[in-house]
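Asks: Take a look at this one; I'll ask things after.
The values are calculated or read from the model by the stated rules, or taken from the named source; none is laboratory data. Everything numeric in this text was worked out from a predicted model, so none of it was measured. Quick reminder, even Gly has a Cβ in these numbers, built from the backbone with ideal geometry, and neighbours come from all protein chains shown.
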Amino acid sequence: MGETVIAFSGGVDSTFLLKAAVERLGDRVLAVIAQSSTYPERELNEALKLAELLKAKVRVIKTEEENNPDFYNNPVDRCFYCKQELFSKIIDLARQEGYKIVCEGTNVDDLGDHRPGLKALKELSVRSPLKEAGFNKTEIRKLSERFGLPTHDKQSYACLASRLPYGSKITTDKLNMVDEAENYLLGLGLKTVRVRHYDQTARLEFNKVDFPVVMEEKNREQIIRKLKNIGFTYITLDLEGFRSGSMNEVIK
């Protein structure tokens, strides 16, 4: 590909992709991290550390999808407008800096879910090398472990806007509530956490193996107290446990 920009989030897929790109292209690759209200500060800091670990050149850009009513009204194709904002700005940067190709980390497992953002990638001619090469998530995790990448067992990442049900307007206050709640729960040692925001109600998703930890009386009381302090009135546990894209179940 030659001079290439990698849209980098610090997740499992984009970290593996950046590792491969740096090994092949060296200083001809640039990692671009997008900073926005939907991207937790903890993820930004971790992405910067990972880029340094991989010895990749890195740039942080600011995206403003929250100013677009097509995004903040939270329709079922919300991700299209988010990806359109993100990759339009990355493409502009790539052109200014003399990079030929823009890539991102979609893999073949991502093709089976509701992902309107893929339409934006196609329209903007963004490349997805992991998908093109036929990699699935399991293979990416196994190879990441072989290459010593700390992301090999990281939970799958999704932007904070994905915690709100479609049709619920996306606001900074709601995103901050989710971010604070998830930071607290991750601090308890729980590796996979989703706080789904239904106005007064928080629907919590964890791996089912963590249910005993969550329901231990002391932990349960602390979680209730903390999330009520954050602003939720009702704290519920989803008995199905964590599953990626659970908000899409209403449209299937």
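Asks: For segment 193-213, which positions are β-branched (Val, Ile, Thr) and closer than 22 Å to Pro165 by Cβ?
Replies: Across segment 193-213, the qualifying residues are Val193, Val195, Thr201.
Asks: While we're looking at this one, here's another question. Go through Phe71, Phe80, Phe87 for me and flag whichever is touching a Pro at 6+ places or on another chain (Cβ under 6 Å), buried (at least 16 other Cβ atoms within 10 Å of the Cβ) and touching a residue at least 40 places away in the same chain (Cβ under 8 Å).
Replies: Residue meeting the stated conditions: Phe80.
Asks: Limited to segment 188-244, what total is found for residues that are touching an Asp or Glu at 6+ places or on another chain (Cβ under 8 Å), surrounded by 16 or more Cβ atoms within 10 Å (Cβ to Cβ), of a type in the set (D, E, K, R) and within 28 Å of Pro150 (Cα to Cα)?
Replies: Total meeting the criteria: 3.
Asks: Would segment 57-66 turn up any residue that is assigned to a helix (DSSP H, G or I) and either in contact (Cβ under 8 Å) with a residue 12 or more places away in the chain or outside the structural domain of Arg127 (by TED's automatic domain parsing) (or both)?
Replies: Taking every residue of segment 57-66 in turn, at least one turns out to be assigned to a helix (DSSP H, G or I) and either in contact (Cβ under 8 Å) with a residue 12 or more places away in the chain or outside the structural domain of Arg127 (by TED's automatic domain parsing) (or both).
Asks: Count, please, the residues in segment 120-153 that happen to be β-branched (Val, Ile, Thr), assigned to a helix (DSSP H, G or I) and either surrounded by fewer than 17 Cβ atoms within 10 Å (Cβ to Cβ) or more than 17 Å from the chain's Cα centre (by Cα) (or both).
Replies: So the answer is 1.
Asks: What single numbered condition from (1) within 12 Å of the chain's Cα centre (by Cα); (2) closer than 23 Å to Leu130 by Cβ fails to hold for Glu3?
Replies: The failed condition is (1).
Asks: Of the residues Ala56, Ala94, Ala51, Ala31, which single one is buried (at least 17 other Cβ atoms within 10 Å of the Cβ), of a type in the set (Gly, Ala, Ser) and in contact with a Gly (Cβ under 9 Å, 6 or more places away or on another chain)?
Replies: Unique residue meeting the criteria: Ala51.
Asks: Which residue, of Gly2, Gly10, is in a loop (DSSP other than H, G, I, E, B) and under 23 Å from Gln84 (Cβ atoms)?
Replies: Sole residue among the options that is in a loop (DSSP other than H, G, I, E, B) and under 23 Å from Gln84 (Cβ atoms): Gly10.
Yes or no, residue by residue, for (1) in a helix (DSSP H, G or I); (2) modelled with pLDDT under 95; (3) over 18 Å from the mean Cα position of the chain (by Cα):
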| position | (1), (2), (3) |
| --- | --- |
| Gln155 | no, yes, no |
| Ala158 | no, yes, no |
| Asp173 | yes, no, yes |
| Ala202 | no, no, yes |
| Glu221 | yes, no, yes |
